[in-house]
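> Sharing a structure, written as structure tokens. Questions coming.
Nothing in this text is a laboratory measurement; each read-out follows from the coordinates by a stated rule. What you see is a predicted model, and the numbers here were worked out from it, not measured in a lab. Don't worry about glycine lacking a Cβ; one is built from the backbone with ideal geometry, like all the others, and counts go over all protein chains shown.
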Amino acid sequence: MALVIKSFCSGALCRAIKPELMLGRYSSTLQNVIPGNAVHNAEENVARNLSTKADVEENIKQFKKGNFETLPDPGLVEHFRARKQVVSNSLKEVTKEKDGYTLPHPIWLPDETHSVKITHKEPEGRMDVLAYYSIQAIRRTFDVFSGFTIGQRNETKWLRRVIFLETVAAVPGMVGAMYRHLASLRKMKRDHGWIHTLLEEAENERMHLMTALQVKKPSAFFRLCVLVAQGIFVNFFTISYLISPRFCHRFVGYLEEEAVKTYTMCLKDIDMGLLANWATKPAPEIAVKYWKMHPESTMRDVILVIRADEAHHRLVNHTLSSLGPYDPNPYRPGQ
């Protein structure tokens, strides 16, 4: 912004102009704030409308209330591009979408969600064996301590399981993306497309959590357990990724295999009547918007798309584990 002002005025005059005059909507022109001979120089350029600090604060207040009428049109702002951009959708239409900031991700068709199958990749080598049996040990331990395998399964047990596991499942993608981002900066080499896929996976798992939270709000003790588990798992996975990214992606691949088994079991419980209300319970609004679901979708439909996501992550991570660290990522954004 300072460079823009300096093109119109001297250094001394720049210090007299408050930075907030360069923000937000445009209520006054350069002629209102630049005295003397500088106005003549400014007339040779296209004058950009500026705003006061009060205008900016009012815009922010209205934005938080959901009123986007006061937002400026980006097409009216003077830009360093010589050619103006063509904006297909207005800013108002974009910002009114509550989930308009999500990353590209697969949108599943009904026949795709029903065609997901339980699969398993046989371990090849000691690294794969270690990853596989690590997941098996973690799952069996969690089943016992969470009480999931004790007594009859019900809605409370399922929600407890889904919420807790998704707080953990969203960690690997973010850790992997951060590692590769920093490695790219440090080594001054391209990432070849891995970062966007890992970030997409992390957000996708987080959206699973956000969806489950619309059905049940965790207790304070449950949140404490999540805090402890996250602290342990984030450090474990970060150190593991520093040592062997291949092990970590195979680890996640086997984790997703178990996730597909879990959600397949959940679908069977719904059909058997153990979760009968999920067959008719409306899908949360956040899920309908994120997966572009039919407005009359149910919680069973939500479980179907979540299972499809997990099957996709299963394939992606097994693939990344089999690639070299500098091989191109075969998955484009949203694929």
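> Once the Cβ-Cβ distance between residue 219 and residue 133 is put in as r, and R0 is 51 Å, what FRET efficiency do you end up with, to the nearest 0.05? It would help to have the intermediate numbers written out before the result.
On the way: r = 33 Å, r/R0 = 0.64.
That pair, residue 219 with residue 133, gives E of 0.95.
> Of all alpha-carbon pairs in segment 121-184, indicate the percentage at a distance above 19 angstrom.
54
> At 0.36 nm per residue, and after removing the present C-alpha to C-alpha distance, how many nm does the segment from residue 57 to residue 319 gain when stretched out fully?
Difference between extended and current length: 89.5 nm.
> Further question on the same structure: Taking only the alpha carbons of segment 202-252, what extent do you get along each of the three principal axes, in Å, biggest first?
So the three principal-axis extents are 37, 22, 13 Å.
> Suppose the Debye formula is applied to equal point scatterers at every Cα of segment 138-224; what is log10 I(q)/I(0) at q = 0.11, 0.20, 0.22 Å⁻¹?
For the requested q values the scattering log ratios are -0.43, -0.93, -1.03.
> Something else: At 0.36 nm per residue, minus the direct Cα-Cα distance, what do residue 227 and residue 185 gain on full extension? Give it in nm, one decimal, please. List each step's numbers first, then the result.
Numbers: separation 42, 0.36 × 42 = 15.12 nm, distance 3.04 nm.
Length difference between fully extended and current span is 12.1 nm.
> Pop a pseudo-label 7 angstrom from the Cα along the beta-carbon direction at both residue 271 and residue 326 and give the gap in nm to one decimal.
4.9
> Using amide H atoms built in the peptide plane, which far-off residues or other-chain residues are under 5 Å from residue 298 H to H?
Hits under the 5 Å cutoff: 283.
> Continuing with this model, one more query. In whole angstrom, and with the biggest value first, how far do the Cα coordinates of segment 177-335 range along each principal axis?
53, 35, 24
> Turning to a different aspect of this structure: Which residues' amide hydrogens lie under 5 Å from the amide hydrogen of residue 102, considering only partners 5 or more residues apart or on another chain, with H built in the peptide plane?
none
> Any idea what the dipole of segment 221-335 comes to, in debye rounded to 20, about its Cα centre with Lys/Arg Cβ at +1 and Asp/Glu Cβ at -1?
140
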